[in-house]
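Enquirer: Attaching a single structure in structure tokens format; questions to follow.
The values are calculated or read from the model by the stated rules, or taken from the named source; none is laboratory data. Here the structure is a predicted model, which means the values were calculated and not measured. Virtual Cβ from ideal backbone geometry, glycine too; neighbours counted across all protein chains shown. For the accessible areas, the whole protein counts, side chains as well, though only heavy atoms, and no ligand, DNA or RNA atoms are used. Shrake-Rupley method; radii C 1.70, N 1.55, O 1.52, S 1.80 Å.
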Amino acid sequence: MIILDGKTASASVRESLKKSVEDIINSGGRKPHLVAILVGNDGASETYVASKVKNCEEIGFESSLIRFDTTIDEGDLLNEIEKLNNNPLIDGILVQLPLPKHLNTEKVIEFIHPDKDVDGFHPTNVGKLVSGLDTFISATPYGIMLMLEYYKIETKGKHAVVIGRSNIVGRPMSILLSGNTAYGNCTVTLCHSHTTNLKELCLQADIIVAALGKPGFLTADMVKSGAVIIDVGITRVPDTTAAKGFRIKGDVAYNEVAEKASAITPVPGGVGLMTIAGLLKNTLKAYKLTH
Ligand code: GUN
């Protein structure tokens, strides 16, 4: 059994990006610049955004964090995005989700210029992905593909079961794994809350991507011996023994599933780090669109 270690795989991506930035600077260019917008002060969002900004700095990108109060007017947020869209010194824009309920998430996402949409959430970019065109791929599924590539996991002809149909993870993941590409060519079953025979489907899977946000959901009795397990879950579960008062738990019952799997991602230290790697690669891609 191998542990699909996000630390090692993401370090390899970051190293190559760092080299690209050095090359850009050496040839007289400027640093790629990512802007993250954070509305409100949700603890998990704060942590993710801080990590994105820190990773940008580590590889030599410029990064800015723009914070707004939870009560921000939608028009004011859209105005800020418009300014960033028109600023040639800004390459990538991301609005951390979830947004407070009074804001229309779809409208906000559609306001980001598709060429600066490094999250790959804009319908134009999603459409390109579905059409098999080069585009920004949503960072988590992109990171998972980079992980499969790093560990040379064979996907051709395999049956992949994706649990969860979110626009951010499950749906794009199903498209990527079924694509006619080096780490695609799977037969994909996309499962969700209305799937009636989930256990049977999982037992047929060579690869399982668990992205439903239910801690410990995927148990050993649902997994075929030798399956590859990708755990996207990052739920904060209260834990009084932990310094922060919570622990991050994945969607997979790790210990028991690891005994049956041929490869598995840990939580933390797995997919989360690859998500950031995907975002950084998208930011460099955005820079290159105009340079
Ligand atoms: N919230 C959870 N995941 C993501 C992500 O990949 N991008 C953004 N912008 N918000 C998120």
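Enquirer: Percent of Cα-Cα pairs more than 14 Å apart in the range 13-72, please.
Expert: 59
Enquirer: Given +1 on the Cβ of Lys and Arg, -1 on the Cβ of Asp and Glu, and no further charges, what dipole in debye does the range 102-212 carry about its Cα centre, rounded to the nearest 20?
Expert: 220
Enquirer: Here is a further query. Using unit Cβ charges (K, R positive; D, E negative) and no other charged atoms, how large, in debye to the nearest 20, is the dipole of the chain about its Cα centre?
Expert: Result for the chain is approximately 500 debye, rounded to the nearest 20.
Enquirer: Here's a follow-up. Taking the DSSP beta bridges in the chain as the whole, what percent of them are antiparallel, to the nearest 5?
Expert: Percent antiparallel among DSSP bridges in the chain is about 10.
Enquirer: Tell me, what % of the accessible area of the range 29-116 is carbon and sulfur with a 1.4 angstrom probe?
Expert: Solvent-exposed carbon and sulfur of the range 29-116 make up 51 percent of the total.
Enquirer: How many Å² of accessible area per residue for the range 89-152, probe 1.4 Å?
Expert: In whole numbers, the range 89-152 has 45 Å² accessible per residue.
Enquirer: Something else about it: Starting from the 7 Å offset along Cα-to-Cβ, what nm value, one decimal, do you get for the label separation of Ile25 and His102?
Expert: 4.3
Enquirer: By how many nm would the segment from Glu110 to Met1 grow when fully extended, if each residue of separation counts as 0.36 nm and the alpha-carbon distance is taken off?
Expert: Difference between extended and current length: 35.0 nm.
Enquirer: Can you give the FRET efficiency for Asn180 and Asn41, using 1/(1 + (r/R0)^6), R0 = 45 Å, r = Cβ-Cβ distance, to the nearest 0.05?
Expert: Taking R0 as 45 Å, the efficiency between Asn180 and Asn41 is 0.55.
Enquirer: Next up: How many Å² of accessible area per residue for the range 192-291, probe 1.4 Å?
Expert: 46
Enquirer: Considering all alpha-carbon pairs of the range 163-291, what whole percent are spaced by more than 24 angstrom?
Expert: Percent of Cα pairs beyond 24 Å in the range 163-291: 33.
Enquirer: I'd like the Karplus ³J(HN,Hα) series for the range 36-41: coefficients 6.51, -1.76, 1.60, θ = phi - 60°, whole numbers in Hz, and an x wherever there's a Gly or Pro.
Expert: 10, 10, 10, 9, x, 9
Enquirer: Once the piece of chain linking Glu74 and Lys18 is laid out straight, how much longer is it, given 0.36 nm per residue of separation minus the C-alpha distance between them?
Expert: 16.6 nm
Enquirer: If amide hydrogens are placed 1.01 Å from N in the peptide plane, which non-local residues have theirs closer than 5 Å to the one on Gly179?
Expert: It is Asn185, Cys186, by chain and number.
Enquirer: For a Förster distance of 22 Å, can you work out the FRET efficiency between the beta-carbons of His291 and Asn167, rounded to the nearest 0.05?
Expert: Calculated value: 0.15.
Enquirer: With unit charges on the beta carbon (Lys/Arg positive, Asp/Glu negative), name the residue among Ser51, Asn85, Ala36 whose Cα is farthest towards the positive pole of the charge dipole of the range 29-116.
Expert: Ser51
Enquirer: Now a separate question. Which value does Rg/Rh take for the range 29-116 over its C-alpha atoms, Rh per Kirkwood?
Expert: Rounded to two decimals, Rg over Rh is 0.96.
Enquirer: Which ³J(HN,Hα) values in Hz, rounded to whole numbers, follow from the phi angles of the range 273-280 under the Karplus curve 6.51 cos²θ - 1.76 cosθ + 1.60, where θ = phi - 60° and Gly and Pro get x?
Expert: 5, 6, 4, 5, 4, x, 4, 5
Enquirer: A further question follows. Taking the Cα centre of each part, how many Å lie between the range 106-148 and the range 1-57?
Expert: 17
Enquirer: Evaluate the distance, in nm, between pseudo-label points positioned 7 Å from the Cα of Glu154 and of Ser51 along their respective Cα→Cβ axes.
Expert: My value for the distance between the label points is 3.2 nm.
Enquirer: For the chain, just the Cα atoms, rotate onto the principal axes and tell me the three extents in Å, largest first.
Expert: 52, 42, 37
Enquirer: Determine the share of the range 139-272's accessible area contributed by carbon and sulfur atoms, expressed in whole percent, with a 1.4 angstrom probe.
Expert: Answer for the range 139-272: carbon and sulfur cover 52 percent of the accessible area.
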